[in-house]
Amino acid sequence: MPPLFVGLDVAKDHLDVHVRPTGETFMVAQDEPGLSRLGDRLRALAPTLIALEATGGYEATVAATLASAGLPVAVVNPRQIRDFARATGLLAKTDTLDARVIAHFAEAVRPIPRPVPDAQAERLGELVARRRQLVEMLGAEANRRRLTRDRALQRRLDAHVAWLERALQTLEDDLHTTLRASPVWRATENLLTSAPGVGPVTACTLIAELPELGQLDRRRIAALVGLAPFNHDSGTLRGRRRIRGGRGSVRHVLYMATLTAVRRNRVLTTFYQRLRTTGHPVKVALVAAMRTLLTILNAMVRDQRPWHTESQQQSA
């Protein structure tokens, strides 16, 4: 029997399903009976891979249901799907066509199925995401406060900033409590924070939003985060290599950690200064240092070994 690949287009009320290469299509309701029927039908097919887009939350229940049934599920970035559709010349968009494109993408690209987070991991991920939102709101309100001259509006903005700061502190306490409640996460946090420059927020984000850390090689983990440089060459033209895609939230905390690490972490300081001395621009050197830091952290989690300067110098 040839390998089967299933594409799911997830909507609020229903799911469109396409099976490749048989061309079978069907629809089920986005509810408990519908998901149950979907699981039974897909188990009977025994697909090689089931792919669905990350749709802002609607996909979570579907992915969890199928993964708990022992089915191989990959949740894919929607931009990858749309780029693939354009590359294959399919510009029209309907739910049925989307399911077909996702199935084709699954067959051609073979994204790696990710373990679906359990309830505790989902809670940690939501806390990390909410913390990021609060930090962004605090920055926006602080900027508005600086530009406001009306006294009454200033007092309201000050009150809102104070409320956001209290909410952020409460959330960070919840993050710490949730993280320390799991012996595995606690051990991973201790490993990660043993590296100079990596603090609790970076550790929390990596645990919640990069569960593949320690499970992939250095090239694949860099590509997953969006720190693998891509060539921009054509004919005799050799363009500057650039990073793109990946998990922006993880890349953001790694950038902040690297800014500290290139000052306090001897391995990263030496690496960064060597690049700057040889003429690399600041941003290029920082991105290279980010990639090196990620590689080291990946090796630390893989080997379950805390930071040790001599061994990390060999890794870098």
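The values are calculated or read from the model by the stated rules, or taken from the named source; none is laboratory data. Since the model is a prediction, treat every value here as computed from it, not as a measurement. Please note: Cβ atoms are built from the backbone with ideal geometry, for glycine as well, and neighbour counts cover all protein chains shown. Accessible surface is based on the protein model in full, side chains and every heavy atom, while ligands, DNA and RNA are left aside. Shrake-Rupley method; radii C 1.70, N 1.55, O 1.52, S 1.80 Å.
Residues being under 23 Å from the mean Cα position of the chain (by Cα) and at pLDDT 90 or above: count how many of those fall in region 10-51.
Residues in region 10-51 being under 23 Å from the mean Cα position of the chain (by Cα) and at pLDDT 90 or above: 3 in total.
When both residues are 6+ apart or on different chains and their Cβ atoms are under 7 Å apart, which pairs have a first residue that lies in region 187-215 and is open to solvent by less than 20 Å² (accessible area, probe 1.4 Å), and a second that is part of a loop (DSSP other than H, G, I, E, B) and aromatic (F, W, Y)?
Going by the 7 Å Cβ cut-off, the qualifying pairs are A195/W307.
Taking the criterion of being of a type in the set (A, V, I, L, M, F, W, C), modelled with pLDDT of 85 or more and surrounded by 15 or more Cβ atoms within 10 Å (Cβ to Cβ), would at least one residue in region 139-156 satisfy it? Spell out the reasoning first.
So the first thing to find is which residues in region 139-156 are of a type in the set (A, V, I, L, M, F, W, C), and the list is 140, 142, 147, 152-153.
Subsequent filtering for residues that are modelled with pLDDT of 85 or more retains 140, 142, 147, 152-153.
Those still in the list that are surrounded by 15 or more Cβ atoms within 10 Å (Cβ to Cβ) too: none.
Looking through region 139-156, none of the residues is of a type in the set (A, V, I, L, M, F, W, C), modelled with pLDDT of 85 or more and surrounded by 15 or more Cβ atoms within 10 Å (Cβ to Cβ).
Pull out all pairs, ordered by first then second residue, where Cβ-Cβ is under 7 Å, the residues are six or more apart or on different chains, the first lies in region 133-150 and is small (G, A, S), and the second is open to solvent by less than 70 Å² (accessible area, probe 1.4 Å).
So the pair list comes out as A142/V161.
Could you tell me whether any residue of region 91-106 is touching a Cys at 6+ places or on another chain (Cβ under 8 Å), farther than 22 Å from L71 by Cα and modelled with pLDDT under 90?
No, region 91-106 contains no residue that is touching a Cys at 6+ places or on another chain (Cβ under 8 Å), farther than 22 Å from L71 by Cα and modelled with pLDDT under 90.
Any residue in region 262-273 that's assigned to a helix (DSSP H, G or I): show its pairings with residues that are aliphatic (A, V, I, L, M) and at pLDDT below 90 at Cβ separation under 6 Å, as long as the two are six or more apart or on different chains.
Every condition considered, the pairs that remain are V267/A316; F271/A316.
Taking the conditions exactly as written (under 26 Å from the mean Cα position of the chain (by Cα) and among the basic types (K, R)), does R86 satisfy them or not?
It is true that R86 is under 26 Å from the mean Cα position of the chain (by Cα) and among the basic types (K, R).
Being surrounded by fewer than 16 Cβ atoms within 10 Å (Cβ to Cβ) and among the small types (G, A, S) is the filter; apply it to region 1-38 and report the residue that is farthest from R100 (Cα to Cα).
The residue in question is S36.
Could you list, in sequence order, all residues of region 7-26 that are farther than 19 Å from A106 by Cα and either hydroxyl-bearing (S, T, Y) or assigned to a strand (DSSP E or B) (or both)?
If the condition is that a residue be farther than 19 Å from A106 by Cα and either hydroxyl-bearing (S, T, Y) or assigned to a strand (DSSP E or B) (or both), then H14 is the only one that fits.
Pick out the one residue from V267, V262, V287, V253 that is under 24 Å from R79 (Cβ atoms), touching a helix residue (DSSP H, G or I) at 6+ places or on another chain (Cβ under 6 Å) and either surrounded by 17 or more Cβ atoms within 10 Å (Cβ to Cβ) or at pLDDT 90 or above (or both).
On the way: V267 fails: under 24 Å from R79 (Cβ atoms); V262 fails: under 24 Å from R79 (Cβ atoms); V287 fails: touching a helix residue (DSSP H, G or I) at 6+ places or on another chain (Cβ under 6 Å).
Being under 24 Å from R79 (Cβ atoms), touching a helix residue (DSSP H, G or I) at 6+ places or on another chain (Cβ under 6 Å) and either surrounded by 17 or more Cβ atoms within 10 Å (Cβ to Cβ) or at pLDDT 90 or above (or both) holds for just one of V267, V262, V287, V253, which is V253.
Taking L90 as meeting all but one of (1) under 24 Å from G248 (Cα atoms); (2) of a type in the set (A, V, I, L, M); (3) part of a loop (DSSP other than H, G, I, E, B), write down the number of the exception.
(1)
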